[in-house]
């Protein structure tokens, strides 16, 4: 799962740091993630994992780190 | 939990869910056949939603105007015709509840209406006056303790299915056209003869052809308040508020469909390497939906505050500002709703143009067109134009 998330971030996150150098807790917004690119990341994750994020996990915080993204994807896959 | 222990909100929400499920099952057939939505109306009755505005002391749900608006905003997305029937009936209840409870007969009727979940239709239209409800040709013939009325109505929504009617008429046969009263009579006291066919573009399930009506009733059922005051204080504001709520629910459904389709298209674009995905049309209709909602809520809050003190504050309803605002609510809600549904269809494209897809908007578009012509916005524009000349 983490590899897929990182691949999506690489393609759509427009981060200033190489994705392979990212830590789980790095703040993605401080590394270039914008509102616009976070939407692309969300849509791409939904496509990649063939799911839809439930309303309750969709928030700015969800995109703030790889750790939070993993957690959100897990919740979505359980539904 | 026993029904009587459930809070009003829980009752409403539980009932709404059941009614919406029934609506979803039958709405296509209701539209296709242009038939009365018997199943949805029965579900409303089973879940006590027909008596929503009847106060608890008479056995109703005791909903406020705000509660009715919240219900209206939900009902319309599954079957606009059923929702409109419900809304039009609540308007009649509002007239009775606001202006009839100084009358023992009306109070007794309200208790029965709550128990049996009666459906009440409005007979305000009349052949010869067009859509001008402030004039009547037919008058009441008083004979001892009874009244007799013969009226040619150009439109009675669900007229063939109502348990009772609230009709406008001249106070007496000799009264002037604008000296009107409102009278309640039950279907057992009336002969209702259909005179035209209801085969329309939209709102097909409201079944609103013309009827010739003859009724005989105890004169105790003639409301004391002159109709012109009932119109200003209750009928017009509640009509515009509840119609706007139903139109809002149709519009919201359309925006949500457009939003879902946009997401799908953006996902496809991302796969193709297109990163810069924006949909200005979606933003536009969402903005308009918000405008509709804010306007409805402001008018509802203002009217609710007045209704809570109807006898003292109602002179505010006679002000130019209030009349213009209430007219505006109908005009702007209808125009925005039509624009929203049209553009949602454009955004969704073929999946909305096709019937029987999860994104179909054909029936929504046909139903929402009714908002411009029932009653015709031209009438309201003319009235507001005159009022604006009086406003400094």
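The values are calculated or read from the model by the stated rules, or taken from the named source; none is laboratory data. From a predicted model like this one, the values you see are computed outputs, not experimental measurements. FYI the Cβ positions are ideal-geometry reconstructions off the backbone, even for glycines, and counts take in every protein chain you see.
Some notes on this structure:
- Entry remark, the range B:142-170: residues being surrounded by fewer than 18 Cβ atoms within 10 Å (Cβ to Cβ) and closer than 21 Å to residue B:225 by Cβ number 3 in total.
- Answer from B:314, B:299 - the residue that is modelled with pLDDT of 95 or more and away from every other protein chain (no Cβ under 14 Å): B:299
- Helices (runs of 4 or more DSSP H) completely within the range B:1-90 that count 2 or more residues being more than 26 Å from residue B:304 (Cα to Cα) and touching a helix residue (DSSP H, G or I) at 6+ places or on another chain (Cβ under 8 Å): B:8-33, B:38-46
- Being in contact (Cβ under 8 Å) with a residue 12 or more places away in the chain, over 23 Å from the mean Cα position of the chain (by Cα) and surrounded by 16 or more Cβ atoms within 10 Å (Cβ to Cβ) is true of residue B:347.
- Only one entry in B:62, B:51 is over 25 Å from residue B:206 (Cβ atoms), surrounded by 15 or more Cβ atoms within 10 Å (Cβ to Cβ) and within 20 Å of the chain's Cα centre (by Cα), namely B:62.
- Tally of residues being in contact with a strand residue (DSSP E or B) (Cβ under 7 Å, 6 or more places away or on another chain) and closer than 20 Å to residue B:354 by Cβ across the range B:221-273: 0
- Test result for residue B:158, under 16 Å from the mean Cα position of the chain (by Cα) and at positive phi: yes
- Some residue of the range A:20-39 being surrounded by 16 or more Cβ atoms within 10 Å (Cβ to Cβ), within 12 Å of chain B (Cβ to nearest Cβ) and either modelled with pLDDT under 90 or within 15 Å of residue B:263 (Cα to Cα) (or both): yes
For (1) within 15 Å of residue B:182 (Cα to Cα); (2) at pLDDT below 95; (3) surrounded by fewer than 23 Cβ atoms within 10 Å (Cβ to Cβ), each residue gets a yes or a no:
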| position | (1), (2), (3) |
| --- | --- |
| B:95 | yes, no, no |
| B:108 | no, no, yes |
| B:111 | no, no, yes |
| B:116 | no, no, yes |
| B:120 | yes, no, no |
| B:126 | yes, no, no |
| B:134 | yes, yes, yes |
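- Restricting A:50, A:55 to those that are surrounded by fewer than 12 Cβ atoms within 10 Å (Cβ to Cβ), within 14 Å of chain B (Cβ to nearest Cβ) and at pLDDT 90 or above reduces the list to A:50.
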